[in-house]
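Below is one structure, written out as structure tokens; comments come after it.
Every number here is computed from the coordinates shown, using simple stated rules; none is lab data. This one's a predicted model, so the numbers in the text were calculated from it and none came from an experiment. Glycine gets a Cβ as well: all are built from the backbone with ideal geometry, and neighbour counts include every protein chain shown.
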Amino acid sequence: MRAEALKGHLDALLLAALEPGPAHGFGVMAELRRRTGGSVDLEGGTLYPALRRLEEAGLISGAWTTASGRRRREYRLTEPGRHALAEERGRWRHFVATLTAALDPARAGGGCRTPV
């Protein structure tokens, strides 16, 4: 899946990938690949600026660690990040229900009445 297709959803995907626990950038990429069956495979040029942006917003925190003699930045979800992820999940569920109602009304079961 191209990074362009993820616009508007990348932050939520990264927050969700960090929900199980701290990870360095490669670990975040690996978690997204695992969760999506390989459909989401971010490049560093997309991932690291997004992680920096989330860190600056206070949604994740980063700290330098050393493992096997290699220095790397490890990221973890903050409490504001957990709240933001919960809110984004709610918006996402509403969005999906709305599109399902419009595109596949037989499956939607009545639609969605709240404006998007």
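Restricting attention to the range 5-24, and to residues there that are charged (D, E, K, R) and closer than 12 Å to ALA50 by Cβ, which single residue is surrounded by the most Cβ atoms within 10 Å (Cβ to Cβ)? Selected residue: ASP11. Return the only residue of LEU51, LEU85, LEU42 being in contact (Cβ under 8 Å) with a residue 60 or more places away in the chain, of a type in the set (A, V, I, L, M) and either surrounded by 14 or more Cβ atoms within 10 Å (Cβ to Cβ) or out of contact with any Lys or Arg (no Cβ under 7 Å at 6 or more places or on another chain) (or both). The conditions single out LEU85. Can you pull out every residue in the range 66-107 that is β-branched (Val, Ile, Thr) and closer than 23 Å to LEU51 by Cα? Residues satisfying the conditions are THR66, THR78. Test GLY90 against the criterion of being out of contact with any Asp or Glu (no Cβ under 9 Å at 6 or more places or on another chain) and either farther than 22 Å from GLY21 by Cβ or surrounded by 14 or more Cβ atoms within 10 Å (Cβ to Cβ) (or both), and give yes or no. Against the criterion (out of contact with any Asp or Glu (no Cβ under 9 Å at 6 or more places or on another chain) and either farther than 22 Å from GLY21 by Cβ or surrounded by 14 or more Cβ atoms within 10 Å (Cβ to Cβ) (or both)), GLY90 qualifies. Checked against the criteria, ALA57 does not count as buried (at least 16 other Cβ atoms within 10 Å of the Cβ) and closer than 18 Å to GLY8 by Cβ. Working carefully through the options GLY58, GLY81, find the one that is among the small types (Gly, Ala, Ser) and more than 12 Å from the chain's Cα centre (by Cα). Matching residue, one of GLY58, GLY81: GLY58.
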